[in-house]
Amino acid sequence: MVTYILRRLLAAIGLLFVISVITFSIFYLVPRLAGSTPETMATRYVGRAATESTVKATAEKLGFYDPIAVQYFNWAKGVVVGKDYDYGAGVERCPAPCVGYSFITKQAVWPELLDRIPVTLSLAVGAALIWVVGGVAIGVLSALRRGSFWDRAAMSVALAGVSLPIFFTGLICLAFFSYQLQWTKPGGSYTPFQDNPIVWAQSLTLPWITLAFLFSAQYARMTRAGMLETMNEDYIRTARAKGLPERTVVVSHGLRAALTPILTIFGLDVGLLLGGAVLTEKTFSLNGLGKYAVDAIVANDLPKILGVTLVAACFIVIANLIVDLLYAVVDPRVRAS
């Protein structure tokens, strides 16, 4: 088991290195292949009205004339030990881990990401708890009561949840619960957990429900299909023939076997959301990573976009690593292999 964990950790580190190379190449190598020159890239930071000498000096200070391998090495070195950025008006120190320095806002990217990660983390974790518990429970009950009114009603609601986009359900929740009933605040008023846990939960209730409604519908349908297949296996009939209680048969034998595909998509979903729930954050005016990424794209701020992309990739790799480790807990066949 220890060897398996170490092997997965080494694979995750190697994958993060490959992702960093590919992501850096997309933002700095692909523009060159498309015909952009160092001077063209430098104009993003000095403005179109700058003189030719200013543009060339900025491109030289930013290292745009260096080979792409040298640029990547300098950037990766900044992630580990930090970096000094000279953007013309002065030298700014970007401490480690320095994933970039915005020359538009004149701010280091990593501190800004740290300010927004708690918002996205609170949104993703809270919604994930709701959708995985609710979706799996509804799926199990629908499978055990196949063809009943509960089964058809639950699957109909699940189909609606999968079909309706987040921005539509989010606006409906805002109009009904916030503006008409006034049960919650309209949005954009995130309160940190350490300041007031109750207000923190109240400010995220609608985003949690909106996000969980979409994902719980998918999990309910997958759990139902998995349970229907599992409950017809020979070992389930054997467990019942031994006289085991029905709860033990369903939970310990049926549900445990059906959780493997659920764990797979759960790791992917949570990892993607930790990189930024763009639609939900925009709908409810939450200053998380998703909204930060959209604002960076609109401003064409490459260091910010690069930083968000790398952080999102790290979350996805870590989430999948945790899922791989949970496989060994849920499925004994993984430990045996």
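Just a few scattered comments:
- Residue 61, sole failed condition from (1) open to solvent by less than 80 Å² (accessible area, probe 1.4 Å); (2) in contact (Cβ under 8 Å) with a residue 24 or more places away in the chain: (1)
- Screening the stretch 312-332 for residues that are open to solvent by less than 20 Å² (accessible area, probe 1.4 Å), closer than 24 Å to residue 98 by Cα and touching a residue at least 60 places away in the same chain (Cβ under 8 Å) and picking the one that is nearest to the chain's Cα centre (by Cα) gives 313.
- Against the numbered list (1) modelled with pLDDT of 80 or more; (2) part of a helix (DSSP H, G or I), residue 177 comes up short only at (1).
- Meets criteria (at positive phi and surrounded by fewer than 22 Cβ atoms within 10 Å (Cβ to Cβ)) for residue 252: no
- Enumerated helices (runs of 4 or more DSSP H) restricted to the stretch 67-169, each holding at least 2 residues that are within 28 Å of residue 32 (Cβ to Cβ): 68-81, 109-144
- Filter pass, residue 288 being within 21 Å of residue 10 (Cα to Cα), of a type outside the set (S, T, N, Q), modelled with pLDDT of 80 or more and open to solvent by less than 20 Å² (accessible area, probe 1.4 Å): no
- For the criterion of being at pLDDT below 80, aliphatic (A, V, I, L, M), touching a Leu at 6+ places or on another chain (Cβ under 8 Å) and part of a helix (DSSP H, G or I), residue 19 fails.
- For the stretch 214-238, taking the residues that are out of contact with any helix residue (DSSP H, G or I) (no Cβ under 6 Å at 6 or more places or on another chain), charged (D, E, K, R) and farther than 9 Å from residue 258 by Cα, the one that is surrounded by the fewest Cβ atoms within 10 Å (Cβ to Cβ) is identified as 234.
- Flag if residue 30 is open to solvent by less than 50 Å² (accessible area, probe 1.4 Å), on the phi < 0 side of the Ramachandran plot and of a type in the set (Val, Ile, Thr): no
- Residue that is modelled with pLDDT under 85 and surrounded by 20 or more Cβ atoms within 10 Å (Cβ to Cβ), where the choices are 309, 283: 283
- Cβ-Cβ under 6 Å pairs, at least 6 apart or on other chains, the stretch 6-27 side open to solvent by 50 Å² or more (accessible area, probe 1.4 Å), far side in a helix (DSSP H, G or I): 8/321; 8/324; 15/317; 16/317
- Neighbours by Cβ (under 9 Å, 6+ apart or cross-chain): first from the stretch 165-179, farther than 12 Å from residue 278 by Cβ; second among the basic types (Lys, Arg) and open to solvent by 100 Å² or more (accessible area, probe 1.4 Å): 178/185
The values are calculated or read from the model by the stated rules, or taken from the named source; none is laboratory data. From a predicted model like this one, the values you see are computed outputs, not experimental measurements. Virtual Cβ from ideal backbone geometry, glycine too; neighbours counted across all protein chains shown. Just the protein is used for accessible areas: all its heavy atoms, side chains included, with ligands, DNA and RNA removed. Shrake-Rupley method; radii C 1.70, N 1.55, O 1.52, S 1.80 Å.
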